[in-house]
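Participant: Mind looking over this structure? Questions follow.
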Amino acid sequence: MSHSDPKAPDTRRHTAPLDEVLRSQARLRALVESDAVTMWTTDPDGNVEDMPGWRRLTGQTLDEVRGAGWVNAIHPDDRASTLLLWETARAAHGTYQAEYRLRLADGEYRWHQARGVPVLGDDGEIREWAGTLHDVHERRKVEEERDALLHRLQVERAEAEAHADSASALAAQLQEQAAETELQMAEAQTMAEELEATNEQLAAAHAAAQAALEDEARLVETLHRIGVSLTGETELSRIVQAATDEATVLTAAQFGAFFYNVVGEAGEAYTLYTISGVPREAFERFPMPRNTAVFAPTFHGEGVVRSGDIREDPRYGHSAPYHGMPQGHLPVRSYLAVPVMGRTGEVLGGLFFGHAQPDVFTERAERLAVGIAGWASVAIENARLHEAGRRAREAAERAAERAQRLLEVAGRMARALSPREVAEVAVEHGMHAIGADAGSMALLDEAGTEFAMAGSHGYPGPSESRFRHFPVRAGAPMSEAVLRLQPVLVRDTAEWRERFPRTAAAAAETGFEGYAAVPIAADGPALGALGFSFREPQAFDAGVEVFLETLAGHCASALERARLYEAERAARAEAEHANRAKSQFLASMSHELRTPLNAIGGYVELIELGLRGPVTPQQATDLGRVKRAQQHLLGLINDVLNFARLEAGKIALDLRDVPLSEVLDEVEALIEPQAAERGIRYERGAGEGEVLVRADREKLEQVLLNLLSNAVKFTDQGGSVSLDYEADAAEVRVRVRDTGCGIPEEKVKAVFEPFVQVDPDLTRTRQGTGLGLAISRELARAMGGDVTVRSVVDEGSTFTVHLPAAEVALP
């Protein structure tokens, strides 16, 4: 039968799969030869801060990949299965492996295999994930083509068998094609064998990829171990030494070095280095690396430099003075340098590795060095943060201690009554607060040209004697402080020689290094200065200057208080002397005036009695006037003497629980006739029942009589004067009201001052010394109470006596 018979099998269908197998083999070879691997890490939950390799592969931005955003690059049909495998591995703390289609930067989806291992902490919990990502697109295509080919072979064989069954009637025709069929079967067998070989190649490729993955996993675990070790350390010198040692071993370098930048406590920057693989002495006699063409890329953070033979590098040997390596330098052919960069792009230092043989450093060594440099960067910045935190805590503790010192200074300064006491407090607390070994306070004379030492501590005996008095002159720190009204801080003797050469020799004799001086000044010129010396060089922080200025301010206030105290003490002594003289004068006046006045009163009574002869009515009237004048004058003298005794504190009190009604009855009997005589209505309030008041009965009667007499004196005919009281558990208040002329508001406070007359013209018509109210208030205060007043002009006044209630109430 002709081959064109439509019922005859088509032999081309059997030969076409062979070509496809051959093409699959070619793609497999390409896959084996160019297997690409991308490293990745995530936190325990699969979130990331950044995956640079992933971003380069997928074209995602940093914001798009951050967190769990990297999942969005996976084909939507593969995400659910991928996340399920992830959650299963995370729950089991086991290896994660998944294959999915990944959208690349050009928009094409390619199959990738992701494999990751959990990195466990000491507590067995996952600290992070590390893994690799392989491009398996070609392998998947080969596998899919293989599966499709096998399926087609199975279908064609089934079809061939069906044709054989249905063509039994055409046996004769098929006999002619038997040989051809046998040939095709042989070809199919050959294809099957080749497919089996292809499967073996695929298995070998898979095994190689698996080995590469495991190698990468070991690399990640090694870097993680190193990273954990580095980031767990806070001492910078140990961090850089550990990084140098680990990197030198892993890169197979003969020697390694880590040059890194350091900022001291005073803010000064300098460079240190560590060495690994050779003794430190091998490098100590050589200068620090400079920004030559070979070193500049590392120190500028431009990237990694890896050279199989640095001597053949075009950048090598062009910089003076050595034009290559200095004589005696360790031999270097293979060269690897990696910059250590901070988060902000700052170059923290550089790792340098060398070997005497060429072509030692591989791409894997470079990746290891880059990984260690990354961990070293994190550890160095953590160490810096730790150091900054330590310094901040120490600064806060110093600030708190200084603040506490200032509180103690303020309290003790408030009790300091002399410049020496002020100096003792300032020097003692100042030395402790800033760690000084000696301190002093010197005060300026009135001309401001000479210092006098007010107090010092810690200086040698000859120095203290020498500087008890010394002139103010430019070129000395303490003098400069008062001349410029600014603190002067000298870190060490070298700075002293540079800034104050005239006094440097004298300062050196004391054996001190650092020095601080601060002027003591208020709002005007300096009063003096504080000085503190240190045996060790100092790096003064801003807190020292602030503390010294605050301490000097307290000193200025305390010195001013001491000056005022001394002035007040002198004034008080003078006042006490004057008061004693006044008391002596009043006592003398009492004797000299009351004696003749009493004699006048006695002789008037003798004449009134007729002992000197008959007395006419007119003479009796005149004698009455003389007697009233004598009694008035005697009362005025007694008021003056009583007030003098009150001021001198010589009034004796007999405080008792006194029934108030009895006192009011006594004064009413004396005041009511006076009111009636002047045509004034007197009223007595009912009060709140009987109460006891804690008072001296005689003095209370005197106070109430003074207030009632004043009320009658300054109330016109037809007016009224009233007396009432109220009480509570703590106080008794007795009120004296009148409808007199009243007191102007601006003079209310003055009425209780001694010898004050609200209206001198009015007072002349109503006789008085201006002492009654002053005596009344002082007596009330002596008994633990007071006298207050409310008054309205042309309406009258109300005086209230406040006294303590009795300790035991009436039954």
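The values are calculated or read from the model by the stated rules, or taken from the named source; none is laboratory data. Note that the coordinates shown come from a computational prediction; the quantities given were computed from them, not determined experimentally. Every residue, glycine among them, receives a Cβ derived from its backbone with ideal geometry; neighbour counts consider all protein chains shown. For accessibility, only protein heavy atoms count, side chains too; no ligands or nucleic acids. Shrake-Rupley method; radii C 1.70, N 1.55, O 1.52, S 1.80 Å.
Participant: Can you confirm whether region 460-470 contains a residue that is open to solvent by 30 Å² or more (accessible area, probe 1.4 Å), modelled with pLDDT of 90 or more and not aromatic (F, W, Y)?
Facilitator: No, every residue in region 460-470 fails to be open to solvent by 30 Å² or more (accessible area, probe 1.4 Å), modelled with pLDDT of 90 or more and not aromatic (F, W, Y).
Participant: Collect the residues in region 99-128 that are in contact with a helix residue (DSSP H, G or I) (Cβ under 9 Å, 6 or more places away or on another chain) and farther than 16 Å from W54 by Cα, keeping them in residue-number order.
Facilitator: Within region 99-128, V117, P118, V119, G121, I126, R127, E128 qualify.
Participant: Could you tell me how many of the residues in region 317-350 are of a type in the set (S, T, Y) and modelled with pLDDT of 70 or more?
Facilitator: Total meeting the criteria: 3.
Participant: Contact list please: Cβ distance under 6 Å, first residue in region 664-680 and among the charged types (D, E, K, R), second residue open to solvent by 40 Å² or more (accessible area, probe 1.4 Å) and in a helix (DSSP H, G or I), pairs at least six apart or on different chains.
Facilitator: E666/E701
Participant: Now for a different question. Which residue pairs have Cβ atoms closer than 8 Å, lie 6 or more positions apart in sequence or on different chains, and pair a first residue in region 274-298 that is over 20 Å from H355 (Cβ atoms) and surrounded by fewer than 18 Cβ atoms within 10 Å (Cβ to Cβ) with a second residue that is at pLDDT below 65 and not polar (S, T, N, Q)?
Facilitator: Short answer, once both residue conditions are applied: R285/G328.
Participant: Scan region 407-426 residue by residue and report those that are open to solvent by 10 Å² or more (accessible area, probe 1.4 Å) and either more than 16 Å from L559 (Cα to Cα) or of a type in the set (V, I, T) (or both).
Facilitator: L407, E408, listed by residue number.
Participant: For D761, which of the numbered conditions (1) exposed (fewer than 13 other Cβ atoms within 10 Å of the Cβ); (2) modelled with pLDDT of 80 or more; (3) among the charged types (D, E, K, R) fails to hold?
Facilitator: Of (1) exposed (fewer than 13 other Cβ atoms within 10 Å of the Cβ); (2) modelled with pLDDT of 80 or more; (3) among the charged types (D, E, K, R), only one is false for D761: (2).
Participant: So, in region 68-88, of the ones that are open to solvent by less than 60 Å² (accessible area, probe 1.4 Å) and closer than 13 Å to W54 by Cβ, which residue ends up farthest from the chain's Cα centre (by Cα)?
Facilitator: The extreme case among them is I74.
Let's see how each residue does on (1) in a helix (DSSP H, G or I); (2) open to solvent by 50 Å² or more (accessible area, probe 1.4 Å); (3) in contact (Cβ under 8 Å) with a residue 60 or more places away in the chain:
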{"position": "P331", "(1), (2), (3)": "no, yes, no"}
{"position": "Y335", "(1), (2), (3)": "no, no, no"}
{"position": "P339", "(1), (2), (3)": "no, no, no"}
{"position": "R343", "(1), (2), (3)": "no, yes, no"}
{"position": "S377", "(1), (2), (3)": "yes, no, no"}
{"position": "R384", "(1), (2), (3)": "yes, yes, yes"}
{"position": "R390", "(1), (2), (3)": "yes, yes, no"}
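Participant: Also, quick follow-up: Hey, does region 414-426 have a residue that's touching a residue at least 24 places away in the same chain (Cβ under 8 Å), among the hydroxyl-bearing types (S, T, Y) and on the phi < 0 side of the Ramachandran plot?
Facilitator: Yes, region 414-426 contains at least one residue that is touching a residue at least 24 places away in the same chain (Cβ under 8 Å), among the hydroxyl-bearing types (S, T, Y) and on the phi < 0 side of the Ramachandran plot.
Participant: Taking region 616-629, which residues are in contact (Cβ under 8 Å) with a residue 24 or more places away in the chain and open to solvent by 60 Å² or more (accessible area, probe 1.4 Å)?
Facilitator: V626
Participant: Modelled with pLDDT under 85, open to solvent by less than 50 Å² (accessible area, probe 1.4 Å) and at positive phi: which single residue out of G635, G613, G602 fits that description?
Facilitator: G613
Participant: Evaluate the following for V142: is it in contact (Cβ under 8 Å) with a residue 12 or more places away in the chain, part of a helix (DSSP H, G or I), of a type in the set (V, I, T) and in contact with a Leu (Cβ under 6 Å, 6 or more places away or on another chain)?
Facilitator: When the stated conditions are applied, V142 passes them.
Participant: Counting just the residues of region 145-154 that are touching a Leu at 6+ places or on another chain (Cβ under 9 Å) and open to solvent by 50 Å² or more (accessible area, probe 1.4 Å), which one comes out nearest to P52 (Cα to Cα)?
Facilitator: This residue is R146.
Participant: Run down R101, R90 and say which single residue is in contact with a Phe, Trp or Tyr (Cβ under 9 Å, 6 or more places away or on another chain), under 29 Å from H151 (Cα atoms) and at pLDDT 85 or above.
Facilitator: On inspection, the qualifying residue turns out to be R101.
Participant: Looking only at residues in region 155-169 that are surrounded by fewer than 15 Cβ atoms within 10 Å (Cβ to Cβ) and modelled with pLDDT under 70, which one is farthest from the chain's Cα centre (by Cα)?
Facilitator: In this case the residue turns out to be A169.
Participant: Output yes when any residue across region 28-35 is modelled with pLDDT under 55, under 30 Å from A188 (Cβ atoms) and of a type in the set (G, A, S), and no when none is.
Facilitator: Yes: region 28-35 contains one or more residues that are modelled with pLDDT under 55, under 30 Å from A188 (Cβ atoms) and of a type in the set (G, A, S).
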